[in-house]
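*Asks:* Let me give you the structure first, and then I'll get to my questions.
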Amino acid sequence: MFSRLGTWCHDRRRLVLGLWLAVLVLGGAVSGAAGTAFRDEFNLPDVESRAGFDILDEHFGGEGTGQVGRIVFRAEQGVDDPEVRREMSALFDEVAGIDGVTRVTSPYDEGGERQVAGDGPEAGLIAFADIEMPEDIEFARAGEIRDDIVAATPDIDGVDVEMGGMIFAEFEEPSSEVLGLAFAIVILILAFGSVLAMGLPIGVALFGIGLGTTIVGLLSNVLTIPDFATFLGIMIGLGVGIDYALLIVTRYREQLHAGHTVRESVAISIDTAGRSVVFAGTTVVISLLGMLLMGVSFVQGLAVGAASVVAVTVAASITLLPAFLGFAGERVELTRRRGLIAAGLVAVALAGVGLKITPLTIGIPLAIVVLVAGIWAKPLKAEVPRRTPKPKEETLAYRWSRAIQHRPWRAALGGAAVLLVLAVPVFGLRLGFADESNYAEDTTTRQAYDLLVDGFGPGFNGVFILAAELPSGADPGDLTAITEAVAADPGVEFVSEPRLDDPSAPAAAVWSLVPTSAPQDEATTDLVGRLRSDVLPPAEQAAGVDVAVTGMSAVSVDFSDFLAERLPYFFVAVLALSFLLLMVVFRSILVPLKAV
């Protein structure tokens, strides 16, 4: 079947290329019309922080459970300066009227004193307003709200205004894939000694990730997929796309060297290397889809998105690549100086984009100039001498394989020892999520974070919420035991008095707690565990209530613990399915067992 597929794609290469181009263009048009709906949606499982959010939803109108951004400002003349107060209050009123904003908590509201820095050298100079939006708001809409706020922000002498909160953060596209592509060009040229042979794997990979990421964008309208899923897909698709095409092109060249025709070489390479690519890609897809067992919507979205890109890349490798090989024919071995120089210039330009060195990007126009000049200039048209291939027995790979086969136990034990040493850091691994402190120092997100640290302390960026449902007829005075017990913990900077949903007939109460440590500090994770296991239980018994520790820091801890608990299921499912697949492919028990 694989041989017939390769031959068919080779014989109808114009049709195959036309179909791929049509699907790519059509997919882009459909994606442009439908748009994307990337979003992070933490569908928390049955954990304590989820119970706390349920209490806030039921008794406090969902206050504190939505997506929250912040307007953080610092005024040299003081935030209570009449002009500052007037202009910033007008801004907060305007923001409250923006579609998609559910609540604005201003430092100038009654009870907003806690939103103004009260201690230290920045006392009275730094303040903030919380901008709350629905939990399921799309990032695109949140970005529009951020832009509207920035446009409406007044220009006041001595006042710096920054936009804080992950929901308002601008996502900067990573450039590491561009840098990787530059290195791939260089490495493939060195490996193949041919510009055309280098271009085939990269071209197939680009086709695969182009269509694959388009599919991811369309899927975001029906699945919960975070915005960075596209870049994860590009990263994986570029890697496997080049890898799979490299395997097929290498086998194709070997068949040409053995005296086969182009058509026969394509058929043999797809029947051998192409078959391996299909099963290798299937194993990767199985591994990625194993994340569906995590039971978390955005993790499942990542899995489906990345698996889609890999599946499309595999399809490109066994259909589009045979067509490319048909176009290239025996010229896959031919390299002219103009092509070699142009490829080098493109690699330099891509490296410039990846490293953000603008002058290097001139490599692209220079490459075009070289290619055009190479049409007439004889020195550029000259063919680069081919390297004479070594006999198989003289290659480094052959000698290495023989050395391993002669001493298998020594190699196995040595390899295992190296892997164990490299795995030692896993024992000190702490799982968690990035926050605003991970952004570059020149971003408004990071500057807002730093202003809050300066004005309110490191723990203010990770405020806890304590929530409790009260029994009928409960005495609010009994809640003092909760407040006192929490305030006595050395990891607590501040805890508020309990706030009731209904002072006359309270059914629930909430506290705000500021830790002494930053959200990502290990001390903050320890505080969550200590509150739940040691500090709160005696006080809960005295007050007759159950208190849930929630807030984004507690959510991060619960989420990480939940994912860690489900990792064994993930590994077992992926390895079991991979074992069954390999057993079918190799009709063996030992080979798939060794692979697993």
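*Asks:* Give a quick list of chymotrypsin sites (Phe, Trp or Tyr not before Pro) in region 344-403 that DSSP marks as loop, anything other than H, G, I, E or B, with at most 13 other Cβ atoms within 10 Å. Don't skip to the end; give the middle numbers.
*Replies:* Working: sites: Trp376, Tyr398, Trp400; in loops: Trp376.
When the chymotrypsin sites (Phe, Trp or Tyr not before Pro) of region 344-403 are filtered for loop state and at most 13 Cβ neighbours within 10 Å, Trp376 remain.
*Asks:* Okay, moving on. Helix 229-257 sits at what angle to the longest principal axis of the chain, using alpha carbons and giving 0 to 90 degrees rounded to 10?
*Replies:* Taking Cα atoms only, the helix is inclined about 10 degrees.
*Asks:* Answer with a single label: of (i) 1.21; (ii) 0.96; (iii) 1.04, which was calculated as Cα Rg over 2.2 N^0.38 Å from the structure in view?
*Replies:* Recomputing Cα Rg over 2.2 N^0.38 Å here picks out (i).
*Asks:* Based on the Cα coordinates of region 421-463, what is the per residue volume of their convex hull in Å³?
*Replies:* So the per-residue hull volume is 105 Å³.
*Asks:* Tell me, Kirkwood radius of region 246-364 from alpha-carbon pair distances, in Å?
*Replies:* Result for region 246-364, one decimal place: 17.1 Å.
*Asks:* Using the Kirkwood radius built from alpha carbon pairs, what does the Stokes-Einstein equation give as D for region 85-174 at 25 °C and 0.890 mPa s, in µm² per second? Mind dumping the intermediate values first?
*Replies:* Details: Rh = 14.3 Å.
Diffusion coefficient, whole number: 172 µm²/s.
*Asks:* Counting each pair of different Cα atoms once, what's the Kirkwood radius of region 320-449 in Å, rounded to one decimal?
*Replies:* 21.2 Å
*Asks:* Next up: Once the Cα gyration tensor of region 491-538 is diagonalised, what are the square roots of 5 times its eigenvalues, in whole Å and ordered largest first, as equivalent ellipsoid semi-axes?
*Replies:* 25, 13, 8
*Asks:* Using only Cα atoms, find the angle between the long axis of helix 363-373 and the longest principal axis of the chain, and express it within 0 to 90 degrees, rounded to the nearest 10.
*Replies:* The helix 363-373 is inclined about 20 degrees to the chain.
*Asks:* What is the packing order of peptides 401-410, 253-262, taking the mean over residues of other C-beta atoms within 10 Å and listing the highest first?
*Replies:* 253-262, 401-410
*Asks:* Counting C-alpha atoms alone, how compact is region 1-96: give Rg to one decimal and Dmax as a whole number, in angstrom.
*Replies:* Cα-based Rg and Dmax for region 1-96 come out at 28.0, 81 Å.
*Asks:* How big is the shadow of the Cα convex hull of region 426-540, averaged over all directions, in nm²?
*Replies:* 9.1 nm²
*Asks:* Using the reciprocal of the averaged 1/r over all distinct C-alpha pairs, how large is the Kirkwood radius of region 150-257 in Å? Show your work: numbers first, answer last.
*Replies:* Values: mean 1/r = 0.0587 Å⁻¹.
It works out to 17.0 Å.
*Asks:* For region 262-310, just run the numbers: alpha carbon Rg, then divide by 2.2 N^0.38 Å, N being how many residues it has. Working shown, then result.
*Replies:* Values: Rg = 15.2 Å, N = 49, 2.2 N^0.38 = 9.7 Å.
The reported ratio for this selection is 1.58.
*Asks:* Next question, about the same structure. How long are the semi-axes of the equivalent ellipsoid of region 544-596, defined as square roots of 5 times the Cα gyration tensor eigenvalues? Whole Å, largest first.
*Replies:* They are 42, 9, 7 Å, listed from largest to smallest.
*Asks:* Right, another one. What are the semi-axes of the equivalent ellipsoid for region 342-389, taken as the square roots of 5 times the Cα gyration tensor eigenvalues, largest first, in whole Å?
*Replies:* Taking √(5λ) for each eigenvalue gives 25, 16, 5 Å, largest first.
*Asks:* Taking the highest mean first, how do the peptides 541-549, 306-314 order by number of other beta carbon atoms within 10 angstrom per residue? Numbers along the way, then the final one.
*Replies:* Details: 541-549: 19.9, 306-314: 25.8.
In descending order of packing, they fall as 306-314, 541-549.
*Asks:* Please report the net charge: other residues with Cβ closer than 13 Å to the Cβ of Trp20, K and R +1, D and E -1.
*Replies:* Spelling it out: positives minus negatives among the neighbours equals +3.
*Asks:* If I histogram all Cα-Cα distances within region 46-124 using bins 5 Å wide from 0, what percent of pairs lands in each bin?
*Replies:* 3, 12, 19, 20, 16, 13, 10, 6, 2, 0
*Asks:* Can you list the GluC sites (Glu not before Pro) in region 435-528 that are in a DSSP coil and have 13 or fewer other beta carbons within 10 angstrom?
*Replies:* Glu441
*Asks:* What is the sum of charges, Lys and Arg at +1 and Asp and Glu at -1, for the other residues whose Cβ falls under 11 Å from the Cβ of Ala487?
*Replies:* -4
*Asks:* For region 490-596, compute Rh as the Kirkwood radius over C-alpha pairs and then the Stokes-Einstein diffusion coefficient at 37 °C and 0.692 mPa s; write the answer in µm²/s, rounded to an integer.
*Replies:* The Stokes-Einstein estimate is 184 µm²/s.
*Asks:* Which whole-number percent of Cα pairs in region 298-345 have a distance greater than 12 Å?
*Replies:* Values: 830 of 1128 pairs.
Across region 298-345, Cα pairs with separations above 12 Å total 74 percent.
*Asks:* Evaluate the Debye formula for region 197-244 with equal point scatterers sitting on the alpha carbons, no solvent, and hand back log10 of I(q)/I(0) at q = 0.22, 0.23 Å⁻¹, in q order, two decimals.
*Replies:* The calculated log intensity ratios at q = 0.22, 0.23 Å⁻¹ are -0.70, -0.75.
*Asks:* 5 Å is the cut-off here: which amide hydrogens, built 1.01 Å from N in the peptide plane, fall below it relative to Asp546, excluding neighbours closer than 5 in sequence?
*Replies:* Glu469
*Asks:* Let me ask something else about it. What dipole magnitude, in Debye to the nearest 20, does region 237-330 give about its Cα centre under +1 on Lys/Arg Cβ and -1 on Asp/Glu Cβ?
*Replies:* 100 debye
*Asks:* Once the Cα atoms of helix 297-328 and of the chain are each reduced to a long axis, what angle between those two axes, in degrees from 0 to 90 to the nearest 10, is obtained?
*Replies:* 20 degrees
*Asks:* Only helical DSSP H runs with n ≥ 4 go in: add -39500 (n - 2.57) per run for the chain, normalise by residue count and round the 222 nm mean residue ellipticity to 500 deg cm²/dmol.
*Replies:* Dividing the helical sum by the residues of the chain leaves -18500 deg cm²/dmol.
*Asks:* With N residues in region 202-280, what two-decimal value do you get for its Cα radius of gyration over 2.2 N^0.38 Å?
*Replies:* Scaled against compact globular proteins, the figure is 1.39.
No lab work stands behind these numbers, since they all come straight from the coordinates. The shown structure was predicted, so the numbers you read here are calculated from the model rather than taken from an experiment. Neighbour counts run over all protein chains shown; Cβ positions are idealised from the backbone, glycine included.
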